[in-house]
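What follows is one structure encoded as structure tokens, with my remarks underneath.
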Amino acid sequence: MAISVGDKIPDVKVMTPTAEGPKPAQTGELLGSGKVVLFAVPGAFTPTCSDFHLPGFVLREEELKAKGVDTVACISVNDVFVMDAWGKAQNVGDSVVMVADGSGDFAKAVGLELDLSGAGLGHRSRRYAMIIQDGVVTDIKLEEGGKLEVSSADAVLAAL
């Protein structure tokens, strides 16, 4: 079953890239305090994710912060080195926390895994955006059919 509004986010080990190298983190700590916007993408460096989804949140960071968002985080079933390289290629800087869910444990824990084996991509995460307040999901927007509409930065801003 997929995570729903009112549910607490699961506490799963993930990795984050830092200036000192890969760092393990727990999602309960990383995403569990203040107002957090978490958006998930099926894969780093993929067209929609690289051309629109991540850049939208980087461009709209100040507007998100003005609406009370403490943390904007991007999670993907990619390893931490890929997430680091993607963040650098997209000039993310400190605007978005890049979160590597390398084994898909978080995607499975929230019930939003996606089997893209037929396309040669293996098991990934569905595309979505969550608004989380102190570790509890207050809104979730799940994309259908490969679209980028309800989980975009503009849609999240409208929901805030």
remark   = Over segment 80-92, the set of residues under 18 Å from LEU121 (Cα atoms) and either at pLDDT below 95 or surrounded by 16 or more Cβ atoms within 10 Å (Cβ to Cβ) (or both) is VAL80, VAL82, MET83, TRP86
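Looking only at segment 104-156, how many residues end up being assigned to a strand (DSSP E or B) and not small (Gly, Ala, Ser)? Reasoning before the result, please.
From segment 104-156, those assigned to a strand (DSSP E or B) are 113-115, 123-125, 128-133, 136-142; that's our starting set.
Then drop every residue that is not not small (Gly, Ala, Ser), which leaves 113-115, 123-124, 128, 130-133, 136-142.
Of the residues in segment 104-156, 17 are assigned to a strand (DSSP E or B) and not small (Gly, Ala, Ser).
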task = Scan (1) outside any helix (DSSP H, G or I); (2) modelled with pLDDT of 95 or more; (3) loosely packed, with under 14 Cβ neighbours inside 10 Å; (4) of a type in the set (Gly, Ala, Ser) for the single condition SER95 breaks and write down its number.
result = (3)
key: Inter-residue pairs, beta-carbon under 9 Å, first farther than 18 Å from VAL37 by Cα and of a type in the set (Phe, Trp, Tyr) and in segment 82-97, second modelled with pLDDT under 95 and outside any loop (DSSP other than H, G, I, E, B), 6+ apart   = TRP86/CYS49; TRP86/SER50
ask   = Which of the residues spanning segment 17-33 are buried (at least 16 other Cβ atoms within 10 Å of the Cβ), in a helix (DSSP H, G or I) and either among the hydrophobic types (A, V, I, L, M, F, W, C) or without any contact (Cβ under 8 Å) to a residue 60 or more places away in the chain (or both)?
value = LEU30
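Out of the residues in segment 47-76 meeting the condition of being over 15 Å from LEU148 (Cα atoms), in contact (Cβ under 8 Å) with a residue 24 or more places away in the chain and hydrophobic (A, V, I, L, M, F, W, C), tell me which one is surrounded by the fewest Cβ atoms within 10 Å (Cβ to Cβ).
For segment 47-76, the residue satisfying everything is LEU59.
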query = Just one of the numbered conditions (1) in contact with a strand residue (DSSP E or B) (Cβ under 9 Å, 6 or more places away or on another chain); (2) modelled with pLDDT under 95; (3) in a helix (DSSP H, G or I) is not true of ASP51; which one?
reply = (1)
ask   = Here are some conditions: (1) at pLDDT 95 or above; (2) surrounded by fewer than 18 Cβ atoms within 10 Å (Cβ to Cβ). VAL36 meets all but one. Which one does it not meet?
value = (2)
ask   = Going by the conditions given, is MET83 within 23 Å of LEU116 (Cα to Cα) and in contact with a helix residue (DSSP H, G or I) (Cβ under 7 Å, 6 or more places away or on another chain)?
value = no
Of the criteria (1) buried (at least 20 other Cβ atoms within 10 Å of the Cβ); (2) in contact with a Ser or Thr (Cβ under 8 Å, 6 or more places away or on another chain); (3) at pLDDT 95 or above, which one LYS141 fails = (1)
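The values are calculated or read from the model by the stated rules, or taken from the named source; none is laboratory data. No experiment lies behind these values; they were computed from the predicted model shown. Methodologically, a virtual Cβ is constructed for each residue, glycine included, from the backbone with ideal geometry; neighbour enumeration extends over all protein chains shown.
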